[in-house]
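Engineer: Please read through the structure below; I'll follow up with questions.
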Amino acid sequence: MSTTASAGLPASTPQFHPGYDTCTEVTAICRVEYTTLGYYPNQGVNIFLAIGFGLCAIITLVIGIWKRTWGYSIAITAGCILEKKNASRALLSLNPWNGSAFKTQIVSIILGPTLICIGLYLTLKHIIASLSPSLSPFRPRFYPLFFVPADVSCLVIQAIGGGIAASAGKDNYTLLQHGNRVIIAGIVLQVVVLGAFGILSSIFLLRAKKYFRGVQEQTTMEKQTWQDKKTRMFLWAMAGGYATLLIRCIYRIAEMAGGWGNEIMQDEPSFVVLESFMVLIACVLFTAFAPGWWFPWMSHSEKVNPGLRAERAAREGGGGGQEIGETSSGNEKVVSV
């Protein structure tokens with residue numbers, strides 16, 4: 001996964017190829033231009049990003065424990081922690097040939113956003129249940145059952161591609177390219193999954209908007225939830241985070257399309273803006289507008305009204321054919337994610 005060059009090398013070492021297995025620091029023959037990134041990462045920017053993700057992780061964890069929004073908080077916290085690539089890039093700013101830091105960065109780029117997306121996917125089930133399952137094309141519980149495994153499959157595909165690329169070494173260019181293509185396939189699938197999530201979310205919210213415009217009764221729980229300013233702010237925050245994650249994934253396709261060490265990959269400003277800051281913006285929005293404060297329907301706090309808790313359990317297991325305000329019956333136990 002490193003670029004190689006022979007120009008300027010002493011005649012006595014014609015077989016020497018700069019790489020993370022042959023270079024440990026920048027020297028006359030192990031120049032920074034020969035690394036995969038091709039530059040010294042900006043230390044200040046990456047320290048700032050690392051601190052930002054760290055604060056988001058701590059705040060989300062505290063709110064999650066306090067308000068008992070377990071699934072969402074665990075996913076976002078873990079994603080922020082795994083965004084430690086910025087700490088690794090800060091180390092690379094000191095030594096671009098730090099192989100461990102480079103590998104950690106690659107792993108973080110794949111893992112972090114995947115878990116953050118899972119946190120986002122978990123919200124749609126609760127949004128639908130709080131407003132009306134009858135307006136959704138699918139049952140509320142369908143969404144996490146579909147999108148979470150789909151997102152994990154994107155992660156697995158990218159991991160397989162990374163393993164193939166790593167096994168190629170510095171001499172097997174064909175195998176390296178095959179690994180790169182598998183990684184791209186995983187990222188493309190992630191964009192498709194995000195796109196499907198956006199389409200289904202939009203369908204439901206547009207239906208909800210149209211329906212509640214025609215509801216004259218102002219005291220229904222559904223309309224009060226729809227008109228609540230906190231709910232609106234929460235929905236806008238989730239939409240903003242969704243947009244930045246989608247932009248980040250599209251950028252990653254372009255970044256990987258040219259292979260390891262291509263011009264886009266070696267352009268730090270585009271990476272910082274379109275990858276690191278896009279994910280950080282999503283994390284800030286998901287933290288600042290945590291559902292424990294802004295969307296109590298997702299909270300499992302003891303302070304939540306028992307009637308609301310029972311209604312939530314019924315709706316989250318309900319089907320799309322329910323009428324507005326109708327609850328499910330039976331003894332089925334619904335476990336909220």
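The values are calculated or read from the model by the stated rules, or taken from the named source; none is laboratory data. Since the model is a prediction, treat every value here as computed from it, not as a measurement. Glycine also receives a Cβ, built like all others from the backbone with ideal geometry; neighbour counts cover every protein chain displayed.
Engineer: What pairs come up if the first residue lies in segment 128-139 and is farther than 13 Å from Lys210 by Cα, the second is acidic (Asp, Glu) and part of a helix (DSSP H, G or I), and their beta carbons are under 6 Å apart, counting only those six or more places apart or on different chains?
Structural biologist: Ala129/Glu316
Engineer: Another question, then. Among the residues of segment 112-125, are any buried (at least 20 other Cβ atoms within 10 Å of the Cβ), part of a helix (DSSP H, G or I), of a type in the set (Lys, Arg) and at pLDDT below 90?
Structural biologist: No: segment 112-125 contains no residue that is buried (at least 20 other Cβ atoms within 10 Å of the Cβ), part of a helix (DSSP H, G or I), of a type in the set (Lys, Arg) and at pLDDT below 90.
Engineer: Could you look through segment 126-141, keep only residues that are of a type in the set (S, T, N, Q) and assigned to a helix (DSSP H, G or I), and pick out the one that is surrounded by the fewest Cβ atoms within 10 Å (Cβ to Cβ)?
Structural biologist: If we filter segment 126-141 for residues that are of a type in the set (S, T, N, Q), which is where we start, we get 130, 132, 134, 136.
From the residues that got through so far, the ones that are assigned to a helix (DSSP H, G or I) too are 130, 134.
On the way: Ser130: 24, Ser134: 18.
Checking each candidate, the answer is Ser134.
Engineer: Is there any pair linking a residue in segment 238-253 that is closer than 17 Å to Leu122 by Cβ and in contact (Cβ under 8 Å) with a residue 60 or more places away in the chain to one that is surrounded by fewer than 23 Cβ atoms within 10 Å (Cβ to Cβ) and hydroxyl-bearing (Ser, Thr, Tyr), with Cβ under 8 Å and at least six apart or on different chains, and which?
Structural biologist: Tyr242/Ser201
Engineer: Based on this model, can you work out whether Pro144 counts as within 22 Å of the chain's Cα centre (by Cα), farther than 30 Å from Pro18 by Cβ and not in a helix (DSSP H, G or I)? Reasoning before the result, please.
Structural biologist: On the way: within 22 Å of the chain's Cα centre (by Cα): yes; farther than 30 Å from Pro18 by Cβ: yes; not in a helix (DSSP H, G or I): no.
Spelling it out, it is not the case that Pro144 is within 22 Å of the chain's Cα centre (by Cα), farther than 30 Å from Pro18 by Cβ and not in a helix (DSSP H, G or I).
Engineer: Only residues that are out of contact with any Pro (no Cβ under 8 Å at 6 or more places or on another chain), aliphatic (A, V, I, L, M) and modelled with pLDDT of 95 or more: list them for segment 221-250, please.
Structural biologist: Met233, Leu235, Ala237, Met238, Ala239, Ala243, Leu246, Ile247, Ile250, listed by residue number.
Engineer: Of all residues in segment 155-189, which are of a type in the set (Val, Ile, Thr), at pLDDT 90 or above and surrounded by 16 or more Cβ atoms within 10 Å (Cβ to Cβ)? Full working, then the answer.
Structural biologist: Residues of segment 155-189 of a type in the set (Val, Ile, Thr): 156-157, 160, 164, 174, 182-184, 187-188.
Right, trim to at pLDDT 90 or above and you get 156-157, 160, 182-184, 187-188.
Within segment 155-189, Ile157, Val182, Ile183, Ile184, Ile187, Val188 meet the criteria.
Engineer: Next question. I'd like to know if segment 53-64 contains one or more residues that are of a type in the set (S, T, N, Q), assigned to a helix (DSSP H, G or I) and over 24 Å from Gly162 (Cβ atoms).
Structural biologist: Yes, the conditions are met somewhere in segment 53-64.
Engineer: Taking Leu61, is it free of Cβ contacts under 8 Å to residues at least 24 places away in the same chain and not β-branched (Val, Ile, Thr)?
Structural biologist: Spelling it out, Leu61 is indeed free of Cβ contacts under 8 Å to residues at least 24 places away in the same chain and not β-branched (Val, Ile, Thr).
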